[in-house]
1. Would you list which aspartates and glutamates come within 13 Å of A:Lys104, measuring only between C-alpha atoms, while excluding same-chain residues fewer than 8 positions from it?
2. Ignoring ligands, DNA and RNA, what accessible area per residue does the protein assembly as shown give at 1.4 Å, in Å²?
3. Simple spin-label model, 7 Å along Cα-to-Cβ: A:Tyr85 to B:Lys126 in nm?
4. I need the shape label for the range B:174-249. Rule: rounded when a/c is under 1.5, else prolate if a/b > b/c, else oblate, with a, b, c from the alpha carbon gyration tensor.
5. Any idea of the total accessible area buried by the A-B contact, 1.4 Å probe, rounded to 100 Å²?
6. Amide H of B:Gly35: which non-local residues (sequence gap of 5 or more, or other chain) have their own amide H closer than 5 Å, using H built in the peptide plane?
7. A drop of at least 50 square angstrom in accessible area, chain alone versus all protein chains together, probe 1.4 Å. Which residues of the range B:125-148 meet that?
8. Residue by residue through the range A:68-81, what is 3J(HN,Hα) from phi via Karplus (6.51 cos²θ - 1.76 cosθ + 1.60, θ = phi - 60°)? Round to whole Hz and write x for glycine and proline.
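The values are calculated or read from the model by the stated rules, or taken from the named source; none is laboratory data. All figures in this text were calculated on a predicted structure; none of them were measured in a lab. Virtual Cβ from ideal backbone geometry, glycine too; neighbours counted across all protein chains shown. Please note that ligands, DNA and RNA were not included when accessible areas were found on the heavy atoms of the full protein model with its side chains. Shrake-Rupley method; radii C 1.70, N 1.55, O 1.52, S 1.80 Å.
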Amino acid sequence: MSSHQYAVVLDLNKCIGCQTCTIACKKQWTDGDGMGAMYWNNVETQPGTGYPRGYHTMGGGFDEQRNLRPSSLPTAEDYGVPFEYDYSQRLFGGRKKPVMPDVKPEYTPNWDEDVGGFERGNPYYFYLPRLCNHCTHPACLEACPRGAIYKRQEDGIVLIDQERCRGYRHCIEACPYKKIYFNEVTGTSQKCIFCYPRLERGTVQACMAQCPGRIRFVGLLDDPDSPVHKLVRVHRVALPLFPERGTHPNVFYVPPFSPPRTGRPDAGVLDDPRFPLDYLKYLFSDAVVPVLSKLHGELLKAQEGGRSELLQLLIGRTAKDRFQIVPEKVRKATPGPVSDALPDDPAGPPLTIVSTSTKED
Amino acid sequence: MQRNLSVLLILAMVASLQTGLSAEPRIGALTIPTGTAPGPVTGDVALSPADPVWTYAVPVEVGLHRTPSLYSGGLFDNGRKPRTTLRLLGLPDNRIALQLTWEDSTPHSSESLASLTDRGADHIYKTRTSAPERFPDAVCVMVPQRRGPHERYPSLMMGDPENPVDLYFWKEGRGFEHLTGSGRGTVAAAGADAPPGQVVVSPSGDGWQATWILPDIAPATPLAFAVWDGDDQQRDGLKYFSLWYEVGP
Ligand code: SF4
Ligand code: SF4
């Protein structure tokens with residue numbers, strides 16, 4: 001059982017797809033050898049193929065009997081074969097031809113940038129930032145035969161012990177979000193470490209700190225003072241991605257709910273939604289419907305001059321409003337289950353961390 | 001389904017005959033004759049597979065079995081078992097040279113690993129991961145740390161706490177590693193004071209050939225082998241394995 005669980009809420013209504021978070025993470029952690037295709041944080045346009053390409057239809061996670069579901073491994077092409085431009089030839093080599101990529105680009109992260117969807121005369125798209133969910137029931141951890149993956153007792157962060165990992169990649173297959181990457185140079189699997197060295201010093205994660213859209217909230221899910229607790233447990237407007245995969249993610253999304261379709265400004269988001277409801281249900285389950293209703297109601301309240309505590313919270317004016325990094329609380333953690341969810345909580349069953357595998361062998 | 005059952009039967013047999021889980025002493029020992037060259041053989045000579053000294057070693061067919069898929073779910077036994085031959089040569093100082101030749105229709109599956117060179121300062125990308133879905137071919141010989149004859153063999157699953165094993169492992173692209181194990185999931189790098197081994201592996205005909213020199217091998221020491229076909233996504237416990245063989249006279 002983990003004493004506390006750090007969690008994240010991402011408000012998709014505010015993400016501008018600038019990829020600042022992606023680059024903040026890349027520069028901080030993954031610009032080493034063998035890490036070219038590694039985006040511990042990526043932002044993908046939805047509807048879209050995602051990164052790695054088609055990850056959401058590859059498999060992984062748990063079935064109804066809590067067995068690991070089979071999955072394929074993403075290929076190099078699914079991550080996109082990197083290409084470069086030879087500018088020196090054009091600028092200094094006297095070549096007149098246009099500068100072309102050295103490899104024909106077939107796929108890249110966010111390949112379908114802003115392509116989006118089109119329905120009933122309306123184009124639509126939104127951005128979906130993704131990082132490891134530091135799941136309550138991590139399929140990656142369950143799949144590792146060497147016990148190289150462990151969930152930290154004190155704060156629920158899921159890590160891969162680089163000394164124990166032998167690069168078998170069962171974890172990549174098992175993760176339904178494909179948020180573990182293989183590094184051929186080290187021969188090990190690597191993933192988001194939730195910036196634990198920053199957290200331990202009381203500094204928020206790089207991706208959270210840099211986000212100009214201020215869409216990111218972070219804190220202890222089990223602490224009533226934290227913004228994530230308020231959004232997930234109290235207001236209940238943040239949902240995990242693909243909850244049916246059974247890993248109980250700790251990254252939650254406020255679903256996109258605006259604007260209504262062109263020419264119907266008076267219609268409610270559920271009467272004439274710009275984002276097809278079925279698509280949002282595919283991503284976030286049927287629980288997205290009451291969340292959208294609630295958000296719409298709060299918006300109307302504010303538009304009529306009332307005060308919406310929820311919308312004030314979602315604005316997240318200051319870093320203090322958005323981030324609750326509490327190393328002192330986490331350090332003092334006493335073991336015990338964390339369970340404060342309501343029985344019909346859209347975010348899933350009560351938070352109990354069953355597996356805190358350590359380096360036992 | 002039937003294939004899976006037969007694999008399970010093989011595993012049950014292995015457990016009862018060879019792991020020592022049964023109360024019976026080991027039965028049905030498989031031995032490999034030790035070839036003796038007329039004069040002393042140096043390690044360098046033994047490590048060159050084409051050297052005529054290897055004609056003094058009698059080739060023995062080794063039966064390999066395929067492990068069932070334990071957690072991966074997506075992989076199944078295609079019924080293929082690589083034909084595998086073993087030769088053993090006695091060397092001075094209690095050392096032996098072992099040569100395992102096994103079929104692999106794609107012995108260069110991970111050629112891309114060899115192309116993992118730094119692209120140089122003119123390039124943005126550093127040494128990159130080019131084939132995250134490919135697994136390397138690999139081979140291993142397992143030897144109990146307590147050498148010599150055994151009443152009961154160690155567990156075939158990387159030894160057991162009472163019978164730790166040395167693993168002389170080679171993986172395409174990464175080379176030789178001396179590992180130790182005392183049960184499933186316990187494999188770790190051997191300490192600096194562990195008896196050193198050597199291995200040379202190269203493509204050979206329609207497969208691979210590995211030649212090891214192993215130290216401190218007393219007569220009747222048990223040996224077991226495993227090969228991994230990377231193209232079949234084999235790694236970890238997903239592999240072809242042999243039962244225990246004994247170093248014969
Ligand atoms: S998102 Fe994937 S990698 Fe991260 S904890 Fe969950 S199962 Fe493991
Ligand atoms: S930095 Fe913030 S706004 Fe920009 S893409 Fe990332 S999550 Fe979206």
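1. A:Glu77, A:Glu84
2. On the way: 26500 Å² over 610 residues.
Accessible area per residue, the protein assembly as shown: 43 Å².
3. It works out to 2.5 nm between the two label points.
4. Numbers: a/c = 1.42, a/b = 1.21, b/c = 1.18.
Rounded is the answer for the range B:174-249, as its axis ratio a/c remains below 1.5.
5. Numbers: alone 16580 and 12740 Å², together 26500 Å².
Protein heavy atoms only, the A-B interface buries about 2800 Å².
6. B:Val58, B:Leu88, B:Leu89, B:Gly90
7. For the range B:125-148, once contacts with the other chains are taken into account, B:Tyr125, B:Lys126, B:Thr127, B:Arg128, B:Thr129, B:Pro132, B:Glu133 lose 50 Å² or more.
8. Result, rounded to whole Hz: 5, 8, x, 7, 8, 9, x, 8, 4, 5, 5, 8, x, 6.
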